[in-house]
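Reviewing the structure listed below.
The values are calculated or read from the model by the stated rules, or taken from the named source; none is laboratory data. Values in this document were obtained by computation on a predicted structure and should not be read as measured data. With ideal geometry, Cβ positions are generated from the backbone for all residues, glycine too; neighbour counts draw on all protein chains shown. Areas reflect the complete protein model, heavy atoms only, side chains present, ligands, DNA and RNA absent. Shrake-Rupley method; radii C 1.70, N 1.55, O 1.52, S 1.80 Å.
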Amino acid sequence: MIALVLSLFAFFFQSGWTGVNERTFIAIKPDGVQRKLVGEIIRRFEKKGFKLVGLKLVKASEDLLKQHYWDLRSRPFFSGLVTYMSSGPVVAMVWEGLEVVKTARRMLGETNPADSLPGTIRGDFCVEVGRNVIHGSDSVESAQREISLWFHQNELLSWEDNSRRWIYE
Ligand code: UDP
Ligand code: MG
């Protein structure tokens, strides 16, 4: 009985994160904030048609960043990455929309700015992998994990987007 309730809960919880309700975690890194790219980056996501459901300026703790980048803990750049990411304010955001995880990654460009096409954020605004100005979740599962790490449930707002019917059929 408990298993049934849990699996039903998991099903509805998951389904709330798919289709036009899919969400991704985007963070403008300390170099992006210092280089005054906050407005430009938010503008790109807004103009694309995605919906902003969470936004805050945070000085992330090393502890949070170690959890965020846990999969990379054995990489040689890990401690430098944590130092860089905790060196100043980060703009943490949650964006919502159809295929937002995949599309946001394409808007970001490749991890290494040198491999990123012009027109992408990393392709347009940075040159080195260790200062690549923005983070975006790489899958729906990582997005769920990262959103719950960076945001409390009550910091994510449900609101009616008046342009919705001009963005979706
Ligand atoms: N990074 C780095 N050196 C590398 C690879 C990655 O400094 O050789 C940093 C970079 O800031 C990157 C972050 O580690 O954005 C996370 O790496 P990941 O492979 O997850 O790239 P992303 O998902 O950010 O494109
Ligand atoms: Mg990554």
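The solvent-accessible area of R23, taken with every protein chain present and a 1.4 Å probe, is close to 40 Å². The fraction of accessible area contributed by carbon and sulfur in region 1-154 is 58 percent, rounded to a whole number (1.4 Å probe; ligands and nucleic acids excluded). Per-residue 3J(HN,Hα) values for region 106-123, derived from phi via the Karplus relation 6.51 cos²θ - 1.76 cosθ + 1.60 with θ = phi - 60°, read 5, 5, 5, x, 7, 4, 8, x, 5, 8, 8, 5, x, x, 8, 4, 5, x Hz in sequence order (x marks Gly and Pro).
Here region 22-158 is assigned +1 on the Cβ of each Lys and Arg and -1 on the Cβ of each Asp and Glu. Its dipole about the Cα centre then comes out at about 280 debye. The Cα atoms of the chain give a gyration tensor whose axes a ≥ b ≥ c have a/c of 1.5 or more with a/b no greater than b/c, which makes the shape oblate. Between T83 and K102, the modelled label-to-label distance comes to 3.9 nm, taking each label 7 Å out from Cα in the direction of the beta carbon.
Annotation: per residue accessible area for the chain equals 60 Å², rounded to a whole number [probe 1.4 Å, protein chains only]. The HN-Hα couplings worked out from phi for region 68-78 by the Karplus form 6.51 cos²θ - 1.76 cosθ + 1.60 (θ = phi - 60°) are 4, 9, 3, 5, 9, 4, 9, 7, x, 8, 4 Hz, whole numbers, x standing for Gly and Pro. From the Cα gyration tensor of region 87-169, with a ≥ b ≥ c the square roots of its eigenvalues, which class applies: rounded if a/c is under 1.5, or else prolate if a/b is larger than b/c, or else oblate? Judged from the Cα gyration tensor, region 87-169 comes out oblate (a/c at least 1.5, b/c at or above a/b).
When all protein chains stay in place and ligands, DNA and RNA are ignored, the 1.4 Å accessible-area order of D138, D71, D31, largest first, is D71, D138, D31. In plain terms, the chain from I2 to W17 could stretch by 3.1 nm, reckoned as 0.36 nm per residue minus the Cα-Cα distance. Rounded, prolate or oblate: which fits region 47-120, taking a ≥ b ≥ c as square roots of the Cα gyration tensor eigenvalues, rounded meaning a/c under 1.5, else prolate when a/b beats b/c? Oblate, since a/c reaches 1.5 and b/c is not below a/b.
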